[in-house]
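Working notes, structure below.
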Amino acid sequence: MSRPRFLPDNFTLMLMATVALASFFPASGVPAQWLNTATTVVIVLLFFLHGAKLSRPAILAGIGHWRLHLVITAITFVAFPILGWSLRPLLEPLVTPDLYLGILFLCTVPATVQSAIALTALARGNMPAAICSASGSTLLGILFTPLLVGMLLHVSASSSDPLAAIGKIALQLLVPFVVGHLMRPWVAPIVQWMGTSIKVVDQGSILLVVYSAFSGAVVAGLWSQMPLPAMAGLFVLCALLLACSMALCVFASRRLGFSTEDEIAILFCGAQKSLVSGVPMAKVLFPASMVGSIVLPLMLFHPMQLMVSAVIAGRYARRPGAADTERHRSAHRPAPPTGTGRWG
């Protein structure tokens, strides 16, 4: 029997189940300390695999398109934060103060990697540029996200020194990424042999981190402080942010004269936010009692962006001449990194 179209994807359902598990059976005390250590280990493993998946030819093929990368970076780290900050009079009354901080945090995190690449491929867009830009966004986020959090949120982060926070994030995300990429000649054959089963490691890592984050928040009284109208308002705000960011990506790409293939890459790299990078960064930047409410908007935005983007990617793929353009580009395209999925 075919899957009903209104159902979210399996990973979104697992995320919802993980939040429910943490709500009823949160980890506390010594188990919470062990869990915190385990999440650090799996985050390191996750970004090591990200580095191993990214091929050198893909980097070289996409790196020269600097105008496209500049537009995507500006949307991700300039337009998004300005949008979240400027809409404060509209956004804040609809949600609690902590959820509004989560909205601002969502606006500061980098773009997705795997889902952006997969959607660009599905829509028959400029995939080498998407690979380069999405991966570069993750690395730039290690520097930009802590700085933007300090500028916009004005909350007491777990590290009072922004440079210390950047260093801690770099140690957990950047160093494993670089080591994984340098070890690609030895690791990539193993990753390729594992095929789609590598998603078990990827998705399991995120579920463990989400469980840890929500356990700390539930112990601190997250749900008792979260009124139902605020949750409804959060859904509306995420939809509004997604619509505005997508419209901005399309407007900017057409206004600046990019091709349709480049427009696709700008849309799927610029209008998405990474759950993979955002949750680990939140654990570094905020006290454990705040992490759950901080990442909740990102967790709602994540499945929303995937479901909307999948529909839009299908429409792009059916555009006249898309198949001919794809055949022409495929002769010069490096192989995509293995393990790409829709969950990044």
Being of a type in the set (G, A, S) and in contact with a helix residue (DSSP H, G or I) (Cβ under 8 Å, 6 or more places away or on another chain) is the filter; apply it to segment 225-253 and report the residue that is nearest to T76 (Cα to Cα). S245
Hits in segment 143-194 - residues which are open to solvent by less than 70 Å² (accessible area, probe 1.4 Å), at pLDDT 75 or above and not in a helix (DSSP H, G or I): L153
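Given the criterion at pLDDT 85 or above and charged (D, E, K, R), identify the matching residue among R342, R255, R327, R333. Talk me through it step by step, then tell me what you get.
Working: R342 fails: at pLDDT 85 or above; R327 fails: at pLDDT 85 or above; R333 fails: at pLDDT 85 or above.
Being at pLDDT 85 or above and charged (D, E, K, R) holds for just one of R342, R255, R327, R333, which is R255.
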State the number of residues belonging to segment 232-275 that are more than 28 Å from G102 (Cα to Cα) and hydrophobic (A, V, I, L, M, F, W, C). 2
Any chance you could count how many residues in segment 198-237 are surrounded by fewer than 22 Cβ atoms within 10 Å (Cβ to Cβ), modelled with pLDDT of 80 or more and farther than 19 Å from V284 by Cα? 7
Is it the case that C244 is open to solvent by 10 Å² or more (accessible area, probe 1.4 Å) and part of a helix (DSSP H, G or I)? yes
Show me the helices (runs of 4 or more DSSP H) entirely contained within segment 16-100 in which 1 or more residues are among the β-branched types (V, I, T) and exposed (fewer than 14 other Cβ atoms within 10 Å of the Cβ). 29-53, 80-86
A careful count of residues in segment 255-281 that are open to solvent by less than 10 Å² (accessible area, probe 1.4 Å) and assigned to a loop (DSSP other than H, G, I, E, B) gives 4
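The values are calculated or read from the model by the stated rules, or taken from the named source; none is laboratory data. Given the structure is predicted, the values throughout are model-derived calculations rather than measurements. Ideal geometry is used to build each Cβ from the backbone, glycine not excepted, and the neighbour counts take in all protein chains shown. Side chains included, ligands, DNA and RNA excluded: accessible areas come from the protein's heavy atoms. Shrake-Rupley method; radii C 1.70, N 1.55, O 1.52, S 1.80 Å.
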